[in-house]
1. Which whole-number percent is the relative contact order of the chain (Cα, under 8 Å, 6+ apart)?
2. First measure r as the distance between the Cβ atoms of LYS290 and LYS169, then evaluate 1/(1 + (r/R0)^6) with R0 = 22 Å and state the FRET efficiency to the nearest 0.05.
3. Sort out for me the Cα centre separation of the stretch 244-281 from the stretch 317-350, rounded to whole Å.
4. Kindly rank 191-204, 167-180 from highest to lowest mean number of other beta carbons found within 10 Å of each residue.
5. Length gain on complete extension for the stretch ASP378 to LYS299, per 0.36 nm per residue less the alpha carbon to alpha carbon distance?
6. Take LYS323 and LYS356, extend 7 Å from each Cα along the Cα→Cβ direction, and tell me the distance between the two endpoints in nm.
7. In whole Å, what is the distance between the alpha-carbon centres of the stretch 368-391 and the stretch 78-94?
8. Given a Förster distance of 35 Å, report the FRET efficiency between ASP56 and ASN22 from their Cβ-Cβ distance, rounded to the nearest 0.05.
Amino acid sequence: MGNSFKTFLKHTAKDFHNQSVNPPVVRASTIIFKSMKDIRKTQAKAIKNPTGGHYDYGRQGTSTTYILQKILTKLEESYHVFTTPTGFGAVFLAIFSVTRPGDEIIAADPVYSPTRLLTENFLKEFNIKTSFYNPHDLKTLEKSITKKTKLIFVENPGSNSFDFQDIGKILSIAKKHKVLTAIDNTWGTPYFLKPIKLGFDMSIVSATKYYSGHSDVMGGSLAVNKKVFPKVKAAERITGLRLGPDDAYLITRGLRTLDVRLDRHRENAKKVAEFLSKFKNIKLLYPYKKDSYNFRMWKKYYSGASGLMGLKIKCKNINSVRKFVNSLKLFGYGYSWGGFESLALHQEYRETGNRKFLKLAKDEHLVRLHIGLEDPKDLIADLKKALKFIK
């Protein structure tokens with residue numbers, strides 16, 4: 001990359017032609033050429049250099065989407081990055097690109113609920129079987145590998161339960177059995193973890209979250225190595241899973257402050273975590289306790305932590321937990337996260353989905369918090385008042 005991550009984000013992709021700091025939004029369905037000869041030249045260039053942004057039709061992208069792809073490719077330290085209309089679109093593109101009827105997938109038990117629905121239910125109709133491994137016992141992963149296993153899909157940390165895994169060991173198992181790997185890296189982003197550099201074949205980030213940072217964009221990114229690039233390129237072209245230029249522009253603009261925002265999310269989350277760790281009826285699902293397995297696995301691979309955390313609350317009355325969440329004044333209630341505002345969500349079955357290895361006692365309840373960019377003192381004061389309702 002040359003310059004540091006922070007400097008690169010501030011100085012990349014300036015548009016000196018239009019004399020603007022950020023590149024303009026270029027919208028196009030028809031890409032116009034001066035002659036048929038020029039069309040053929042562009043098509044020849046696209047064959048010779050398939051990552052070079054040589055387009056003959058708007059579905060393939062414009063200069064706006066290409067600029068975002070170039071920025072993300074450098075951030076990920078990958079061969080190429082594909083952009084999709086949603087974060088889940090990147091999940092689908094990754095899996096669809098490398099699996100076919102008769103193949104098998106092994107996924108982490110605590111994957112994002114829609115990812116589980118896709119793999120466990122939807123793909124079953126296409127004769128693609130999925131099994132799930134225990135993130136704390138990777139023997140369950142290796143035992144599940146067969147000659148038909150094509151992909152190991154990791155989400156780290158686990159969605160809602162925030163299990164940190166030994167991803168280096170997972171990669172070793174995958175390489176030993178010659179199985180492809182993909183990871184959902186939305187929590188960490190390439191600011192805190194670079195999966196392709198580590199050895200993953202594919203790395204997914206929901207650009208809806210921290211890349212955008214303002215809760216007003218939908219998008220996804222799929223970073224790939226050279227090995228899987230041709231398969232993903234072919235799948236992207238045939239499915240039309242391509243991010244539009246307006247969202248690409250907003251994500252590019254949001255990326256300028258990714259480091260500043262993530263540093264603040266991390267600082268605020270650390271202060272909130274220190275406060276919440278004092279409550280005996282709350283188990284904090286966040287890498288803060290130095291003698292824990294989760295902390296060791298986080299510290300081993302990540303350079304920092306984002307603002308998303310979970311709380312496992314021990315309480316006999318579920319209505320007390322609901323009252324705690326509903327009493328928060330500075331936390332919004334809604335899905336997604338990664339924006340400037342704090343969010344709270346009571347995690348029930350619709351959020352966690354079907355889990356094989358998630359063990360919750362009858363009196364244990366999950367709450368997810370996204371710690372935003374507000375003054376942490378105000379957030380702590382808000383939480384302190386609301387926690388009085390838990391009995």
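1. Details: 738 pairs, mean separation 67.7, N = 391.
Result for the chain is 17 percent.
2. On the way: r = 21 Å, r/R0 = 0.94.
So the FRET efficiency works out to roughly 0.60.
3. So the two Cα centres are separated by 17 Å.
4. Details: 191-204: 23.2, 167-180: 16.6.
The densest-packed peptide leads the list: 191-204, 167-180.
5. Numbers: separation 79, 0.36 × 79 = 28.44 nm, distance 2.85 nm.
Taking 0.36 nm per residue and subtracting the Cα distance, the gain is 25.6 nm.
6. 4.0 nm
7. 34 Å
8. Working: r = 26 Å, r/R0 = 0.74.
The calculated FRET efficiency here is 0.85.
The values are calculated or read from the model by the stated rules, or taken from the named source; none is laboratory data. The structure displayed is predicted, hence computed values, not measured ones. Please note: Cβ atoms are built from the backbone with ideal geometry, for glycine as well, and neighbour counts cover all protein chains shown. Each accessible area value is taken on the protein alone, full model and side chains, heavy atoms only, with ligands, DNA and RNA left out. Shrake-Rupley method; radii C 1.70, N 1.55, O 1.52, S 1.80 Å.
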